[in-house]
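Comments concern the structure below.
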Amino acid sequence: CPKGTPISPGRSIIKKLPEHCRIFFLLNINKGERNMEKKKLCLIGCGNIGGYHLGHFMQYGDLIEMVGFCDLVHKRAEEFAKKAGQGRTYWDFREMYDKEQPDMVFICLPPTVHGEIEKETIKRGIHFFVEKPVALHMEIAKEIRDLAAQRRLITASGFQCRYSNLVEPNRTFIRENEVPYICCNRFGGIPSAEWWSDKAKSGGQLVEQTVHQCDLLRYFCGEVDSVCSMGGRGFVRGEVGYDTDDLSVTIVRFKNGTMATIGTGCYVKNGNAFDSKITFSARDKRADLRILSTLDIYGEQPFAATEQSGFVVSGDGGVAAAGDGKVRYTQEGDAGLICDRTFIEAVISGDQSMIRSSYADAVKTLAFVLACNLSMELGGAPVRPDAL
Ligand SMILES: NC(=O)c1ccc[n+]([C@@H]2O[C@H](COP(=O)([O-])OP(=O)(O)OC[C@H]3O[C@@H](n4cnc5c(N)ncnc54)[C@H](O)[C@@H]3O)[C@@H](O)[C@H]2O)c1
């Protein structure tokens, strides 16, 4: 800029910046340089993930005013308003919409509570962010997707892992190396949400949690052709009200020919039980992604004799060491902060293209995981997400 010119680049310029500069700009430089009316934001569902988003909103005082918090348990909404230091509280979202006339809403509700709230939101022309999974039934999700498109609303979903700084080097690895096979695993314990342990209410672990891994696989490899899944029970004991799979194993064929296996379980008591990660296997390299933690690429650097990072079975049946130097990328900051900020910025600019996971895209990830559930019901028979 010529000397003395205020720095206020247009949004088209911001979009052309390299990703790390754009994010830095969005989070820092333009704070306080805006001279515009703040957008009105509401939140429905003041539970666990609602609190995560609230922590982000409190850093966006330059952009938004938190005008309303809604929860059936009114005390939770009151606690949110107290923490935010602003906003009125409601148990009825319609009353909140009538009184507050918000520009945007974050919908952070249990997986079964989707449908009427989104339809009313769309009817009123309110831009919306919905937590994953966006529904448990394709009919509801498709109807909401189509209604939102008709109204040209800005939409987003809670796939914050797409905004991790590990994603771009991982995508580059896949662009530059043909990846025939992916091994994806997520193992952990049972979350505390009261609805989680009932598959009818949560959709099961694959739909509620491992959907993050499935979404990233789609983001990296494109659409899924078909899946075969089997679930297992009987390993989790003594949990009151528990009625869901303890683990499941899925085979995935992507339309580009890549194949994957996805193993996921909630029977685990501590970290010694499994090293949850996604391995992308190319011919002479591999990438190990530990989501929101590290990305290790093996085979990029010259062989380091002291390191042995893996084994392959050689042609004669013997076992050969495939040790190699690795390049490590480490998670920086909170990807969710960028995810939420990107949605808010998109509402302000009217530019949906900044958002990495729109509602419509999240519906495709939903079809992926619901196809796995249907395959489980069919005893492992192949199911095409496109058919759902
Ligand atoms: N993106 C992520 O990484 C992430 C992490 C955790 C949870 N989630 C998702 O977020 C959603 C919510 O999960 P959670 O752990 O916050 O659940 P939660 O049970 O902690 O919170 C949900 C809240 O919604 C309220 N509620 C339910 N029905 C309502 C209604 N009709 N009107 C107003 N309030 C209502 C409940 O009282 C509760 O306070 C789930 O879909 C979950 O999968 C996403």
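The values are calculated or read from the model by the stated rules, or taken from the named source; none is laboratory data. As the structure is a prediction and not an experimental result, all values here were calculated from the model. Here Cβ is always computed from backbone atoms with ideal geometry, including for glycine, and neighbour counts include all displayed protein chains. For accessibility, only protein heavy atoms count, side chains too; no ligands or nucleic acids. Shrake-Rupley method; radii C 1.70, N 1.55, O 1.52, S 1.80 Å.
Over region 130-262, with every protein chain in place, what whole percent of the accessible area is carbon and sulfur at 1.4 Å, could you tell me?
That fraction is 50 percent.
What whole number of Å gives the distance from the Cα centroid of region 77-114 to the Cα centroid of region 177-235?
30
Compute the FRET efficiency between residue 116 and residue 172 as 1/(1 + (r/R0)^6), taking r as their Cβ-Cβ distance and R0 = 51 Å, and round to the nearest 0.05.
Values: r = 42 Å, r/R0 = 0.83.
Efficiency at R0 = 51 Å is approximately 0.75.
Accessible surface of residue 353 in the full protein assembly, 1.4 angstrom probe, to the nearest 10 Å²?
Accessible area, nearest 10 Å²: 80 Å².
Each label point is 7 Å from the Cα along the Cα-to-Cβ direction; what then is the distance between the points at residue 240 and residue 139, in nm?
A separation of 3.5 nm, rounded to one decimal place.
Suppose R0 equals 25 Å. What FRET efficiency, 1/(1 + (r/R0)^6) with r the Cβ-Cβ distance, do residue 198 and residue 386 give to the nearest 0.05?
Working: r = 29 Å, r/R0 = 1.15.
Given R0 = 25 Å and the Cβ-Cβ separation, E is 0.30.
Determine the shape class of region 47-159: with a ≥ b ≥ c the square roots of the Cα gyration tensor eigenvalues, call it rounded for a/c under 1.5, and otherwise prolate if a/b is greater than b/c, oblate otherwise.
Numbers: a/c = 1.64, a/b = 1.51, b/c = 1.09.
Taking the square roots of the gyration eigenvalues as a ≥ b ≥ c, region 47-159 is prolate.
Using a 1.4 angstrom probe on the protein heavy atoms only, line up 255, 39 by accessible area, largest first.
On the way: 255 115, 39 60 Å².
Result of the area sort, largest leading: 255, 39.
Could you tally up the Lys pairs in region 79-234 with alpha carbons closer than 17 Å? Skip any pair fewer than 8 positions apart unless they're on separate chains. List each step's numbers first, then the result.
Values: 99/123; 119/132; 119/142; 123/142; 132/142; 132/199; 132/201.
So the count works out to 7.
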